[in-house]
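Notes follow once the structure below has been shown.
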Amino acid sequence: MQFGLTSEQEMIVSTVRDFVETEIYPHEAAVERAGQVPRELGEAIKRKCIDLGFYACNFPEEVGGAGLSHLDFTLVERELGRGSMALTHFFGRPQNILMACNAEQRERYLLPAVRGERMDALAMTEPDAGSDVRGMKCSARREGGDWVVNGSKHFISGAEHADFFIVFVATGEDDTPKGPKKRITTFLVDRGTPGFEVRDGYRSVSHKGYKNCILSFDECRLSDAQVLGEVDGGFAVMNEWLYATRLTVAAFCVGRARRCFDMALAYAAERKQFGQAIGKFQGVGFQIADMITEIDAADWLTLAAAWRLDQGLPSNREIASAKLYASEMLARVTDTTLQIFGGMGLMDDFPIERFWRDARVERIWDGTSEIQRHIISRDLLRPLGA
């Protein structure tokens, strides 16, 4: 078994970490206070990422991406996790689901997204359809050869900067032994389409500059050319391309936890009480030991799941385990870091309180901890007939 990184992977880690430290860290406090990223700053980060050759690095070379493996890309996401999500958003990782585009859609959506000319946003969640995706009420009906969409989406990340949206909509219903089951279709919707509106969403205490938006559809007409994949095939597209988003969350959590740990370790070595560094007291030293053990465990879970994807092995349970453990680990690590810093940890002179607040959402989006436990237990019990 080989656990070390290759020289190329070490270079990826070093390059992305340097980028985050030089291009992201200096702007974090201002973005946190303003609650948004100035457009010119976002464009500058995007341009530097393109010049670096990392924009759309999650896409294959055949469409203009860097062609990184799942493991390599997970290393990228892990390093980006160290920085503000509002700013690293412009590092540019379009949704892999765009690989489902047909020939015409590739020219209109996929290729411009890979080149950094157009930005995308994924729209699935609704007020009454979070974990229960099939509970969505945003629907489309056939009329005059078009699809007419009505309804809304919320908690849509990155929507304020998006040029087009990947939207999941109910397009019918089947009767099953377990009751009615909605059919879902995926649409590509351009900003500015008549009947489609993007509004500011809710004010969140987590990732303040990474705004969420509300999408509203009022008799919005879309043609068949806007269907991504097959009609009523939204779940097939989702299952083929969106499974790795949970892995991205896990990698982010590991990166953020390591940044917190570095700060906690340095503070424990420098801060003195009762004549010695507080890290020498077991009450703090043992916390440091527990933190690094949990971080390493989450890191290996995440990298192992990415490796399985590259090998073409079943990975659903492993990815769910990584997302579950890493997100809950980050909550413990940020809380412990704040405790080690004491009262200063709650002051906005340090980013600790921000890390602590930001960590809370990781157990919710891209599948709650409860959903991850459901995936894991189902995977284990099904082979036994349970």
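The values are calculated or read from the model by the stated rules, or taken from the named source; none is laboratory data. Keep in mind the model is a prediction, meaning the values are calculated, not measured. Heads up, the Cβs are rebuilt from the backbone with ideal geometry, glycines too, and the neighbour counts pull from every protein chain shown. Ligands, DNA and RNA are stripped out before the accessible areas are found, and what is left, the full protein with its side chains, is counted by its heavy atoms. Shrake-Rupley method; radii C 1.70, N 1.55, O 1.52, S 1.80 Å.
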Once you have the Cα-Cα distance between residue 2 and residue 178, take 0.36 nm times their residue separation minus that, and quote the gain in nm to one decimal. 58.7 nm
Using 1/(1 + (r/R0)^6) with R0 = 45 angstrom and r between the beta carbons of residue 277 and residue 205, what's the FRET efficiency to the nearest 0.05? 0.85
Under the helix-only model (-39500 (n - 2.57) for each DSSP H run of 4 or more, divided by the residues of the chain), the mean residue ellipticity at 222 nm, to 500 deg cm²/dmol, is -13500 deg cm²/dmol
Net dipole in debye of the range 255-386 [+1 Lys, Arg Cβ; -1 Asp, Glu Cβ; about Cα centre; nearest 20]: 180 debye
What's the carbon and sulfur percent of the chain's accessible surface, probe 1.4 angstrom, rounded to a whole number? 52 percent
Compute the FRET efficiency between residue 240 and residue 9 as 1/(1 + (r/R0)^6), taking r as their Cβ-Cβ distance and R0 = 25 Å, and round to the nearest 0.05. 0.45
With angles folded into 0 to 90 degrees, how steeply does helix 369-381 sit against the dominant principal axis of the chain? Use alpha carbons for both and round to 10. 80 degrees
Å² per residue, accessible surface of the chain at 1.4 Å: 47 Å²
Just flag the trypsin sites (Lys or Arg not before Pro) in the range 195-229 sitting in loop per DSSP whose Cβ has no more than 15 other Cβ atoms within 10 Å. 203
Global form of the range 184-269, assessed from the alpha-carbon gyration tensor, a/c cut-off 1.5: oblate
Heads up, I need the accessible area for residue 61: 1.4 angstrom probe, whole protein in place, Å², nearest 10. 140 Å²
Would you rank 8, 318 by solvent-accessible area, highest first, keeping every protein chain in place and using a 1.4 Å probe? 8, 318
Charges on Cβ only, +1 for Lys and Arg, -1 for Asp and Glu, centred on the Cα centroid of the chain; of 158, 341, 239, which one is farthest towards the dipole's positive end? 341
Mean-square fluctuation check for the chain, GNM, Cα pairs under 10 Å: which of 38, 94, 60 is largest? 38
Between residue 141 and residue 357, with labels modelled 7 Å along Cα→Cβ, what's the label distance in nm to one decimal, could you check? 4.4 nm
First measure r as the distance between the Cβ atoms of residue 381 and residue 190, then evaluate 1/(1 + (r/R0)^6) with R0 = 56 Å and state the FRET efficiency to the nearest 0.05. 0.80
How far, in degrees from 0 to 90, does helix 7-19 lean away from the longest principal axis of the Cα atoms of the chain, to the nearest 10? 90 degrees
Ordered by packing density, taken as the mean number of other Cβ atoms within 10 Å over each peptide's residues, highest first, how do 62-74, 175-187, 270-282 rank? 62-74, 175-187, 270-282
